[in-house]
Amino acid sequence: DGEDAADWLIGHKKGGRKHLDNLLAERLPSRLADAWCAAVGLPGGQPVADMPDKALRQLGESLNRWRLVPSGTEGYKKAEVTLGGVDTRALSSSTMMARDVDGLYFIGEVVDVTGWLGGYNFQWAWASAVAAGEAAAEAARGASA
């Protein structure tokens, strides 16, 4: 949500006795919060109010810099879809461009479109990508003319 994790952690020192792992679990899955505490060497069961600002700032900065790198996939046969995403009413149906932000396009499963299993979602992803790609290319040609 764009909030600085270090400021968020330090902001929770006042007026509370929440433990670090429980506080992190408000924003992360609890198992990930526990693993993160272990990885950075901070005791998750320690009250945030008792922790030095420096330790909380280091933890927050490491959270701010964290990059998720997938380790692989289970392949096409196990591919699934998710629910939710960018509301279709916020997009042009012919170009997939955001109605409120010129040049911002959304395609595939990031858009709130649900289809039956069996390739329909893949077809939607490909078709929406074609529509957005063609619209972006046309806009680029128009901008350079």
Query raised in the report: Could you give the nm distance between label points at Asp4 and Asp50, where each point is 7 Å from its Cα heading toward the beta carbon?
Result: 2.8
Report summary line: Filtering trypsin sites (Lys or Arg not before Pro) in region 13-42 by DSSP loop and by at most 11 other Cβ atoms within 10 Å leaves Lys14, Arg17
Query raised in the report: Relative to the longest principal axis of the chain, what angle (0 to 90°, nearest 10) does the C-alpha long axis of helix 120-144 take?
Result: 80
**Report entry** All lysines inside 27 Å of Lys13 as judged from Cα atoms, apart from same-chain residues fewer than 8 positions distant
**Finding:** Lys54
**Report entry** Projected label distance in nm at Trp126 and Ser71, using a 7 Å step from Cα toward the beta-carbon
**Finding:** 3.2
Requested in this report: Provide the gained length on full extension for the span Ala136 to Ala98, in nm with one decimal, where the gain is 0.36 nm per separating residue minus the Cα-Cα distance.
Outcome: 12.5 nm
Query raised in the report: Counting each DSSP H run of 4 or more residues in the chain as -39500 (n - 2.57), what helix-only mean residue ellipticity at 222 nm follows after dividing by all residues, to the nearest 500 deg cm²/dmol?
Result: -13000 deg cm²/dmol
Report summary line: Rounded to the nearest 10, the angle in degrees between the Cα long axis of helix 30-40 and the longest principal axis of the Cα atoms of the chain comes to 60
Query raised in the report: Once the Cα gyration tensor of the chain is diagonalised, what are the square roots of 5 times its eigenvalues, in whole Å and ordered largest first, as equivalent ellipsoid semi-axes?
Result: 41, 20, 14
Query raised in the report: FRET efficiency for Thr88 and Ser62, Cβ-Cβ distance as r, R0 = 35 Å, nearest 0.05?
Result: 0.40
Query raised in the report: With charges only on Cβ, +1 for K and R and -1 for D and E, what is the dipole size of the chain about its Cα centre, in debye, rounded to 20?
Result: 380
Requested in this report: For region 18-117, state which GluC sites (Glu not before Pro) are in a DSSP loop and have at most 16 other beta carbons lying within 10 Å of their beta carbon.
Outcome: Glu26, Glu74, Glu80
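Just so you know, all these numbers are worked out from the coordinates, no wet-lab data involved. These figures come from a predicted structure and were not determined experimentally. A quick note on method: Cβ atoms are made from the backbone with ideal geometry, for glycine too, and the neighbour counts reach across all protein chains shown.
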